[in-house]
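See structure below.
Quick note: the coordinates plus some simple rules give every number you see, no bench work behind them. This is a predicted model, so every value here is computed, not measured. Cβ coordinates were reconstructed from backbone atoms using ideal geometry, including for glycine residues, and neighbour counts include every protein chain displayed.
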Amino acid sequence: MNIGVFASGRGSNFQAILNAIQAGLLPARVVLVLSNKGDAGALEIARALSLAAVHLSQKQFPDEGSFAAAMLHVLKEHNVQIVALAGYLKKIPLSVVREYRNRILNIHPALLPSFGGAGMYGHYVHEAVIASGAKLSGATVHLVDEEYDRGPIVLQKAVAVEALDTPETLAEKVLKIEHEIYPLALKAFAENRVTINERSAWIH
Ligand code: GRF
């Protein structure tokens, strides 16, 4: 299974996916790493491994239509079968979501549908979780649809929120879970063990 990874930052989830492939746990290969940031750590990792590393940003295009067309072209050029958003902070253009319906995954650092949606990323998520007094947080792998963080949930794992937790300590606990469940969700797709209905997605 050919994976296209989209990342905006350091790429620790991308690295976790690579580690699972190299350990023989994930029968897939990363054929493309795309970032809206030319200096993203994820692109550095890709370049070091001679993987296709593409800097593609809306800023390089006059309008969303031409940006979306360029993104679709890059995906097809590299025969991407599954897109894995891994710390990618931009919305996916509608035409791309439609073309890759049920084939774009995202990792969110909370237990959706709670603490998701526009503006809910990075430390904002963990601040909101702690402020809410919730006793559990965790990570969610979900399919991407037209809205932020709303598509069918594929896999989740929880972690306790403790009295002395700060957004930083909670982020660290959640990130470990992200690195654990993202490869497992991708493995299920690679092995064709995912059933999707309108309510959710189920691994079997
Ligand atoms: C992670 O917290 C992830 O949940 C979110 O982006 C953050 C950074 O991810 N989607 P990474 O270290 O760049 O993979």
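Considering every Cα-Cα pair within the stretch 94-158, what fraction, in whole percent, is farther apart than 13 Å?
61 percent
Provide the per-residue ³J(HN,Hα) series for the stretch 86-96, in order, calculated from phi with Karplus coefficients 6.51, -1.76, 1.60 and θ = phi - 60°, each as a whole number of Hz, with x at glycine and proline positions.
Computed from phi, the couplings for the stretch 86-96 are 10, x, 9, 9, 9, 6, 7, x, 3, 5, 6 Hz.
Work the Kirkwood hydrodynamic radius out for the stretch 35-118: mean of 1/r over every pair of different alpha-carbon atoms, inverted, in Å. Could the numbers behind the result be given before it?
Numbers: mean 1/r = 0.0707 Å⁻¹.
In the stretch 35-118 this quantity evaluates to 14.1 Å.
Between Leu34 and residues 5 or more places away or on another chain, which pairs have amide H atoms under 5 Å apart, with H built 1.01 Å from N, and which residues are they?
Amide H to amide H, under 5 Å and 5 or more residues apart or across chains, Leu34 pairs with Val5, Phe6, Ala7, Val54.
Going down the table (Lys59/Lys135; Lys37/Lys187; Lys91/Lys173; Lys59/Lys173; Lys90/Lys157), which pairs top 32 Å between alpha carbons? Walk me through the numbers before you get to the answer.
Working: Lys59/Lys135 41 Å; Lys37/Lys187 27 Å; Lys91/Lys173 26 Å; Lys59/Lys173 34 Å; Lys90/Lys157 24 Å.
Over 32 Å apart, Cα to Cα: Lys59/Lys135; Lys59/Lys173.
Run through the DSSP bridge list for the stretch 2-195 and note the antiparallel percent, rounded to the nearest 5.
In the stretch 2-195, approximately 40 percent of DSSP beta bridges are antiparallel ones.
Pairing the Cα long axis of helix 12-22 with the longest principal axis of the chain, what angle in degrees results, from 0 to 90 and rounded to the nearest 10?
Roughly 70 degrees, rounded to the nearest 10.
Residue-wise, which Karplus ³J(HN,Hα) couplings in Hz belong to the stretch 130-138, taking 6.51 cos²θ - 1.76 cosθ + 1.60, θ = phi - 60°, and x for glycine or proline?
Per residue, the Karplus-derived 3J(HN,Hα) values read 5, 5, 7, x, 4, 9, 10, 9, x Hz.
Apply the Karplus curve 6.51 cos²θ - 1.76 cosθ + 1.60, θ = phi - 60°, to the phi angles in the stretch 170-177 and return the couplings in whole Hz, x for Gly and Pro.
Coupling constants for the stretch 170-177: 5, 4, 5, 5, 5, 4, 4, 5 Hz.
Amide H to amide H, which residues 5 or more places from Val154 or on other chains are under 5 Å from it, using H placed in the peptide plane?
Result for Val154 returns Val141, His142, Leu143.
When the Cα centres of the stretch 83-150 and the stretch 25-70 are compared, how far apart do they sit, in Å?
The stretch 83-150 and the stretch 25-70 have Cα centres spaced 19 Å from each other.
If you place +1 on the Cβ of every Lys and Arg and -1 on the Cβ of every Asp and Glu, how big does the dipole about the Cα centre of the stretch 2-195 come out, in debye to the nearest 20?
Using Cβ point charges on Lys, Arg, Asp and Glu, the stretch 2-195 gives about 440 debye.
Considering the alpha-carbon set of the chain alone, what are its Rg and its Dmax in angstrom?
Here Rg and the maximum Cα pair distance are 16.3, 49 Å.
List every residue whose amide H lies under 5 Å from the amide H of Ser114, counting only residues 5 or more places away in sequence or on a different chain, with H placed 1.01 Å from N in the peptide plane.
Residues meeting the criterion, in which the H sits 1.01 Å from N, do not exist here.
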